[in-house]
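A short write-up of the structure that comes next.
The values are calculated or read from the model by the stated rules, or taken from the named source; none is laboratory data. What you see is a predicted model, and the numbers here were worked out from it, not measured in a lab. So basically every Cβ, Gly included, is an ideal-geometry build from the backbone, and we count neighbours across all protein chains shown. What goes into the accessible areas is simple: the full protein's heavy atoms, side chains included, and nothing from ligands, DNA or RNA. Shrake-Rupley method; radii C 1.70, N 1.55, O 1.52, S 1.80 Å.
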Amino acid sequence: MESAATAVVPPAAAATTATATDDNLQSSDSSSPADAVNRLIHAFSQRQQHLLDKTVPHVLYRWIACLCVVLIYIVRVYFVEGFYIITYAIGIYLLNLIIAFLSPQEDPEASLTSGGSLPTRRSDEYRPFVRRLPEFKFWLSIIRAFIIGFMMTFFEVFDVPVFWPILLFYWVMLFFLTMRKQIQHMIKYRYVPFSFGKKYGKKPAPTESSE
């Protein structure tokens, strides 16, 4: 009888325990959908980043895949005969990417005023060209632009009627003027947006040992 009496839980303690359990269940139920979505997004982003990291050394295959994506988009627009405004927007975006890809990470004019400069003579120290937009990000941005544009071609709201030859002519003129300005900038500050190895400094001539 005494052992049975000591095992009885007081009503107040039982009510408190039940209330705490209900609160925990309610909090877990309310936070579980959001936590599940966050975990799913995090796992998807990690998986995507892992796959992208594996493609970094395969430069040729990456650009072949990029060309395939571009061709798929061109075929889609050709058969649909519309969505020219999307193509024009992609063209303007690609032009900005090309300028960032060909531009140095540090502005040469700012480097000259701060005391630094790019090598202008063969005797100067060689410094490799560092792009404002790296090659991998350049490739990834092109892929994303054409994939998003391809998905937008399935929505009629984006099919704005325009006279596409005017857009093409305007884009060609904009491309010509922008590239001319970029080439003038390259000539003025004497840099080449491609690194092919060390080019500055003469190789020391071999010395003959006297017998």
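List of remarks:
- Within the stretch 52-62, considering residues that are open to solvent by less than 80 Å² (accessible area, probe 1.4 Å) and part of a helix (DSSP H, G or I), the one modelled with the highest pLDDT: R62
- Residue list for the stretch 73-93, filter: hydroxyl-bearing (S, T, Y) and open to solvent by 60 Å² or more (accessible area, probe 1.4 Å): Y78, Y84, Y93
- Positions within the stretch 99-109 being surrounded by 17 or more Cβ atoms within 10 Å (Cβ to Cβ) and of a type in the set (A, V, I, L, M, F, W, C), in sequence order: F101, L102
Here is a yes/no grid of residues against (1) in contact with a Pro (Cβ under 7 Å, 6 or more places away or on another chain); (2) at pLDDT below 90; (3) small (G, A, S); (4) under 24 Å from A100 (Cα atoms):
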residue: F136; (1), (2), (3), (4): no, no, no, yes
residue: F146; (1), (2), (3), (4): no, no, no, yes
residue: L167; (1), (2), (3), (4): no, no, no, yes
residue: R190; (1), (2), (3), (4): no, yes, no, yes
residue: F194; (1), (2), (3), (4): no, yes, no, yes
residue: K198; (1), (2), (3), (4): no, yes, no, yes
residue: K202; (1), (2), (3), (4): no, yes, no, no
residue: P206; (1), (2), (3), (4): no, yes, no, no
residue: S210; (1), (2), (3), (4): no, yes, yes, no
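- In the stretch 150-168, the residues that are part of a helix (DSSP H, G or I) and hydrophobic (A, V, I, L, M, F, W, C): F150, M151, M152, V157, F158, W164, I166, L167, L168
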